[in-house]
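Shown next, in structure tokens, is the structure this report addresses.
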Amino acid sequence: VNAAHADEGVKVTMVSLLLKACAAALRAFPTFNSSLDGEGGLVLKRYYNLGFAADTPRGLVVPVVHDADAMSTYDLAVALNELTATVRAGKTSPADLSGGTFTITNIGVFGIDSGTPILSPGQAGILALGQITKRPWVVEDRVEPRWVTTLAMSFDHRMVDGAEGSAFLSDMAEILRDPGSTLILA
């Protein structure tokens with residue numbers, strides 16, 4: 001993807017790939033893209049507005065990529081770059097900070113492998129990306145260096161149970177594990 005858009009000045013990052021994979025996984029696990037109504041009933045969202053945690057001089061902010069499921073990986077990278085620049089400049093509109101249905105946070109930028117992310121109010125889940133490091137990995141009975149990360153997740157047990165949470169994480173890992181995935185490269 002980066003090679004195809006090299007002259008456009010936007011680089012697809014792991015967070016862009018994670019947003020794309022997450023949009024696909026949320027379709028398979030719709031309760032993660034839900035909220036509770038005022039009486040405790042589950043409201044499944046038909047749109048995929050993915051928030052991403054951004055560290056700014058004024059603290060952590062969660063801008064939202066609206067309709068992320070309809071975007072290509074490259075378009076997600078463009079949206080991330082634009083929103084991150086706007087947030088860091090302190091010029092984010094209220095619309096850019098609202099309406100999120102699920103959040104991703106990249107704790108790996110701080111050299112952390114894993115952590116327990118805190119849910120954004122009203123959302124069913126949040127996914128944390130740990131640092132990406134080259135590690136020895138067993139591949140078909142031999143050890144090879146591989147880029148490895150840890151995914152961690154928190155979710156609201158009023159909407160999602162532990163088995164579904166584990167299945168969601170497994171689905172995310174499978175999507176990300178396949179470097180030629182048409183899901184990611186689209």
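Heavy-atom accessible surface of the chain, averaged per residue, reaches 53 Å², computed with a 1.4 Å probe. When only the Cβ of Lys, Arg, Asp and Glu is charged (+1, +1, -1, -1), the dipole of the chain relative to its Cα centre reaches about 380 debye.
Ranking Trp147, Trp137 from most to least accessible surface, computed with a 1.4 Å probe over the protein chains only, gives Trp147, Trp137.
When Arg158, Arg177 are compared by accessible area at a 1.4 angstrom probe, the order from most to least is Arg158, Arg177.
With contacts taken as Cα pairs under 8 Å and at least 6 residues apart, region 1-121 reaches a relative contact order of 28 percent. Of the whole protein surface, Ser72 contributes about 30 Å² of accessible area at a 1.4 Å probe radius. Diffusion of region 74-186 by Stokes-Einstein, at 20 °C in a medium of 1.002 mPa s and with Rh set to the Kirkwood radius over alpha-carbon pairs, works out to 131 µm²/s. Per-residue surface analysis assigns Leu119 an accessible area of about 50 Å², computed on protein heavy atoms at 1.4 Å probe radius. On region 7-89, 52 percent of the accessible area sits on carbon and sulfur atoms, based on a 1.4 Å probe.
Taking max minus min of the alpha-carbon positions on each principal axis, region 82-142 gives extents of 52, 27, 18 Å, largest first. Entry note, the chain: the mean residue ellipticity at 222 nm calculated from DSSP H runs of n ≥ 4, each adding -39500 (n - 2.57), is -8500 deg cm²/dmol after division by the residues and rounding to the nearest 500.
The values are calculated or read from the model by the stated rules, or taken from the named source; none is laboratory data. Computed from a prediction, not measured in an experiment: that's the story for all the values here. Note that we place each Cβ from the backbone using ideal geometry, even for glycine, and neighbour counts take in every protein chain shown. Accessible surface areas use protein heavy atoms only, side chains included; no ligands, DNA or RNA. Shrake-Rupley method; radii C 1.70, N 1.55, O 1.52, S 1.80 Å.
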